[in-house]
Amino acid sequence: MIRIALLRHGHTEWNRAGRIQGSSDIPLDDDARKELRQFRLPAPWQHAELWSSPLTRAAETARIVAGRAPRIADALTEMHWGDWEGLRGADLLTQPDSGFRHIEDWGWDYRAPGGESPAELEDRLRPWLAGLTQDAVVVCHIGVMRVLLARAHGWNFAGGAPFRIKRNRLFLLTFSDGILTADPDPVRLERCG
């Protein structure tokens with residue numbers, strides 16, 4: 001049995017502007033760095049294996065909150081949003097022929113033009129999950145977290161999600177015999193000092 005604590009990266013300029021980042025390598029903004037320096041991992045997770053997406057915003061978040069360099073896994077890269085990367089979801093919603101939908105209307109096979117579906121992202125994550133040998137903190141992206149939490153909660157990207165992803169919180173999963181299960185309550189990062 002492996003315990004996994006998922007942590008979303010800090011804010012970027014694109015996050016704050018409502019732009020779809022996907023696999024675009026957008027760095028943390030200065031306000032995010034300042035905010036993240038106020039936090040650290042809770043004691044039970046400080047010595048867990050530390051993993052990160054290769055994207056700058058995730059790897060830097062990991063270094064700041066854990067005080068050490070993470071192991072990098074390409075599998076943890078954010079879901080690719082194809083032609084929609086850099087665009088604003090709110091703008092795409094106003095265009096009836098764009099195909100853009102709210103998450104509760106996705107399903108596992110929903111994809112942006114030229115992008116990746118949640119099912120394809122899950123396929124990319126499976127070998128990495130199966131290779132974990134010890135408890136791990138995983139600093140990644142909302143898309144990666146949605147896929148793992150959806151599987152753990154038995155949610156099919158239809159109707160309201162049974163979780164709400166917030167920043168500066170660890171979302172806890174257990175991985176055993178190829179099955180993910182989720183703890184009901186996230187754990188807040190600790191304030192420094």
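Just a few scattered comments:
- Single unsatisfied condition, R191 versus (1) surrounded by fewer than 17 Cβ atoms within 10 Å (Cβ to Cβ); (2) in contact with a Ser or Thr (Cβ under 8 Å, 6 or more places away or on another chain); (3) under 21 Å from R57 (Cα atoms): (2)
- Of all residues in the range 44-80 being in a loop (DSSP other than H, G, I, E, B) and open to solvent by 30 Å² or more (accessible area, probe 1.4 Å), the one that is nearest to I26 (Cα to Cα): P54
- Residue satisfying all of: in the range 113-139; small (G, A, S) and more than 17 Å from V187 (Cα to Cα); least open to solvent (accessible area, probe 1.4 Å) among these: S117
- The range 140-173, residues that are assigned to a strand (DSSP E or B) and open to solvent by 20 Å² or more (accessible area, probe 1.4 Å): R169
- Residues in the range 84-112 that are exposed (fewer than 13 other Cβ atoms within 10 Å of the Cβ), of a type in the set (D, E) and in contact (Cβ under 8 Å) with a residue 12 or more places away in the chain: E104, D105.
The values are calculated or read from the model by the stated rules, or taken from the named source; none is laboratory data. Quantities reported herein were computed from a predicted structural model and do not represent experimental measurements. Cβ atoms come from the backbone with ideal geometry, glycine included; neighbour counts cover every protein chain shown. Quick note on the areas: whole protein, heavy atoms, side chains included, nothing else; ligands and nucleic acids left out. Shrake-Rupley method; radii C 1.70, N 1.55, O 1.52, S 1.80 Å.
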